[in-house]
Amino acid sequence: MQLNNTGYRMRGQPFTMQKVHIILSDTLYNGDYFFNVIDSKTREIRPADEWIKTSIPPIINAHQFELVKAKREARKPDKAPIQRILSKKLLTGLIKCGECGGLMTKTTGKGGKYEYYKCTSRCSKGNVACSSKSLPMGKIDKLVMEALTQKVFTPTKLQEILTEYRKNLLAEDAEINEKVTLINRQIQQIEERQKRLIDAIELGAIELDEMTLERTQDLKRSKEALLIEKHKLQKSDNDAFPELRTSKLEKLSKLISSKLLSANPETAKGYLKLLVDKVIVKENAIEMKGPIIGLVQAIKAKDEKSEHLNQVPTSLMVWRARRESNPRPGFGNH
């Protein structure tokens with residue numbers, strides 16, 4: 001960002017895109033300051049008609065403020081052409097900087113001739129924010145896809161991933177069963193207390209007064225809470241996941257590879273996002289991570305006839321692959 005590169009700071013801190021956005025949208029800089037905006041008790045924003053406006057010396061004149069406002073409105077995602085919003089670049093949204101952890105975005109060099117992945121921290125705050133280098137997009141895409149198809153989603157590696165998944169399912173099921181057993185014991189204890197209380201009332205040992213009624217209601221509420229918790233645990237009980245034969249693993253491996261290497265960029269990126277949720281580029285390595293449940297759901301929903309992997313990935317446990325890339329491709333300081 002030019003402001004940071006030229007030495008400007010806001011209260012001693014580098015400018016960010018968010019800070020610039022706030023400045024450009026805040027009427028304070030236009031000479032309009034509002035009191036009574038936040039409710040002191042609820043900490044919520046009051047209705048606009050309750051705000052109290054006062055005038056202060058403006059930093060930006062009204063004409064410039066409105067011009068900037070109009071430009072910002074025109075560039076909102078809901079008003080911009082869809083092709084400008086949706087990037088078809090393979091790793092956008094997945095690739096992260098190994099130096100600062102920020103996302104990386106597409107940039108170009110030589111008038112658009114070359115394409116790179118560049119850390120968004122560097123883009124928004126300048127070179128002072130991150131020491132990472134720009135990465136040649138084509139080379140990084142190739143390294144990632146080669147690693148996925150040749151090292152991660154091979155029959156042998158798929159067997160390892162799925163075996164670990166089944167072990168975790170068994171461990172989770174054992175933990176769930178243990179919790180359900182404990183809840184059943186607690187429910188039994190409450191039912192015994194309820195019975196003793198009813199017996200005491202019937203025998204006249206205690207009066208059916210307000211305090212007794214409150215005790216019966218407390219026991220009832222405690223039992224209902226335990227039953228709800230038990231239902232949640234039983235509902236989260238994992239479905240059995242069968243072990244796949246070698247022939248099926250080989251077929252699955254070929255199918256995944258064909259989708260990831262598809263000539264259709266939308267297909268390739270769609271399946272990449274199903275199986276991978278993070279690509280971290282470090283100094284001498286590329287680390288990839290993904291939700292194993294995405295792979296499992298794809299296997300369960302696989303249509304053998306159409307050879308189509310369905311999706312709706314969620315997060316459960318993670319597979320990891322580390323693609324050593326030393327020597328690195330020629331990364332530039334773009």
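Key figures
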quantity: Per-residue Cβ neighbour rank within 10 angstrom, fewest leading, I228, I22, I292; calculated: I228, I22, I292
quantity: Alpha carbon convex hull of the range 168-235, projected area averaged over orientations, nm²; calculated: 4.7 nm²
quantity: Note, ³J(HN,Hα) from phi for the range 39-53, Karplus 6.51, -1.76, 1.60, rounded to Hz, x at Gly and Pro; calculated: 6, 5, 8, 8, 6, 9, 6, 6, x, 4, 6, 9, 6, 10, 8
quantity: Built amide H within the under 5 Å cut-off of Y114, gap 5+; calculated: G109
quantity: Least to most buried among E243, E287 (fewest other Cβ within 10 Å first); calculated: E243, E287
quantity: Across K106/K139; K69/K118; K142/K254, pairs whose alpha-carbon gap is larger than 24 Å; calculated: K69/K118
quantity: Rounded to the nearest 20 debye, dipole of the range 83-166 from Cβ charges on Lys, Arg, Asp, Glu; calculated: 440 debye
quantity: Amide proton proximity set for A285, modelled H, under 5 Å, gap of 5+; calculated: S325
quantity: Extension gain (nm, one decimal) between Q2 and E146, 0.36 nm per residue minus Cα-Cα; calculated: 48.1 nm
quantity: Sorted by Cβ neighbour density within 10 Å, fewest at the top, the residues T107, T267, T246; calculated: T246, T267, T107
quantity: Reachable lysines, given that their alpha-carbon falls under 23 Å from the alpha-carbon of K179 and they are not under 8 places away in the same chain; calculated: K167, K220, K223, K230, K232, K235
quantity: Vicinal HN-Hα couplings computed from phi for the range 60-66 (Karplus, 6.51 cos²θ - 1.76 cosθ + 1.60; Hz; Gly/Pro x); calculated: 10, 6, 4, 5, 5, 4, 5
quantity: Nonlocal amide H pairs with G93, under 5 Å, H built at 1.01 Å; calculated: M104
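Taken together, the values in this text are just the output of simple stated rules run on the coordinates, not laboratory data. All of these numbers come straight from a predicted model, not from anything done at the bench. Please note: Cβ atoms are built from the backbone with ideal geometry, for glycine as well, and neighbour counts cover all protein chains shown.
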